[in-house]
1. Do any residues in segment 1-25 that are outside any helix (DSSP H, G or I) have Cβ atoms under 9 Å from those of residues that are acidic (D, E), where the two are at least six apart or on different chains, and which pairs are they?
2. If you take the residues in segment 1-33 that are within 10 Å of the ligand (Cβ to nearest atom) and of a type in the set (G, A, S), which one is surrounded by the most Cβ atoms within 10 Å (Cβ to Cβ)?
3. Taking the options V118, V68, V128, V36, name whichever one is modelled with pLDDT of 95 or more, near the ligand (Cβ under 10 Å from one of its atoms) and either touching a strand residue (DSSP E or B) at 6+ places or on another chain (Cβ under 7 Å) or part of a strand (DSSP E or B) (or both).
4. Only one residue in V205, V179, V183 is aliphatic (A, V, I, L, M), in a helix (DSSP H, G or I) and either farther than 30 Å from S235 by Cα or outside the structural domain of I24 (by TED's automatic domain parsing) (or both), so which one is that?
5. Among what's in segment 83-115 and is in contact with a Ser or Thr (Cβ under 9 Å, 6 or more places away or on another chain), modelled with pLDDT of 95 or more and under 20 Å from A21 (Cα atoms), pick the residue that is farthest from the ligand (Cβ to nearest atom).
6. Would you confirm whether or not segment 82-93 contains a residue that is in contact with a helix residue (DSSP H, G or I) (Cβ under 7 Å, 6 or more places away or on another chain) and loosely packed, with under 15 Cβ neighbours inside 10 Å?
7. Spot the failing condition for S199; the list is (1) surrounded by 16 or more Cβ atoms within 10 Å (Cβ to Cβ); (2) part of a helix (DSSP H, G or I); (3) not hydrophobic (A, V, I, L, M, F, W, C), and only one is missed.
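The values are calculated or read from the model by the stated rules, or taken from the named source; none is laboratory data. Since the structure is predicted, the reported quantities are computational estimates derived from the model, not experimental observations. Here the Cβ positions follow ideal geometry from the backbone for every residue, glycine too, while neighbour counts run over all protein chains shown.
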Amino acid sequence: MSLVRAKKSLGQHFLKDQNIARKIVDSLKAENISTVIEIGPGMGVLTQYLLQRENITTIPVEIDQESVAYLYAAYPQLKNSLVQGDFLELDLKTISSEKMAVIGNFPYNISSQIFFRVIENRSQVEEVVCMIQKEVAQRIACKPGTKEYGILSVLLQAYYDIDYLFTVHENVFSPPPKVKSGVIRLVRNTTEHLDCDESLFFRVVKATFNQRRKVISNSIKGLTPDINRDHPLLSKRPEQLSVTDFVELTNLVSSSLK
Ligand code: SAH
């Protein structure tokens, strides 16, 4: 069986190190979950270990025809589970109506879009274990007050407990990426619903970070013309605000709109 030729446009960097692959799969807790979606299995370096785990059904989702052909040949047991297609277009409800986990060495060029899909599907996605660009991993896991803290940090931390697990060097991939990688785990927290208008919360987070150098009283102007400017949160910048602060800010914006 010939190996898959790496295509840059699909973010293909194949992991060569079996120990790291096993460690990534072992990081998945999969508590009370029976379905695991693997994004971008490639040649199956993670898939082989997922298939060894009892009590879970692995659904690999792969966009690349050449990888799909390879996987069918190497793992005939994937015959009825492998989905050929774009994860970003996938309706998770067609896979299962139950809660599920997502795992993968993500294509780095679309990792942010994958996380936005996770946030949209937060009622179903209980856990995510993934390898992504190290900087993005750190940004997602970091606390308020750091300059890396951004939109995805707030939105993901609102609904998930996040752990940065370990760093992976570029030379364990073929071809090696230009950047280091990081493995993180996200586990759904107990927040069913934030204590504010959630769609407004999303807009507040985006609006303030899109002008992250400005104080909030200025960056929020597009959302509300008339807000009580004395509130202490309004003189801060978005990277200083925790999830709870953003909830409070959202309620402030909300009441100013009434
Ligand atoms: N898991 C493999 C491959 C990682 S490279 C390994 O660790 O070696 C990223 C993989 O994601 C590639 O196989 C690529 O074809 C696939 N991919 C890229 N974009 C995708 C998308 N939108 N949906 C599903 N898979 C995608």
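1. So the pair list comes out as V4/D64; V4/E66; R5/E66; K7/D64; K7/E66; Q12/D64; H13/E170.
2. Among those residues, the one meeting the criterion is A21.
3. V68
4. The match here is V205.
5. Ranking the candidates gives A101 first.
6. For segment 82-93, residues in contact with a helix residue (DSSP H, G or I) (Cβ under 7 Å, 6 or more places away or on another chain) and loosely packed, with under 15 Cβ neighbours inside 10 Å: present.
7. Of the numbered conditions (1) surrounded by 16 or more Cβ atoms within 10 Å (Cβ to Cβ); (2) part of a helix (DSSP H, G or I); (3) not hydrophobic (A, V, I, L, M, F, W, C), the odd one out for S199 is (1).
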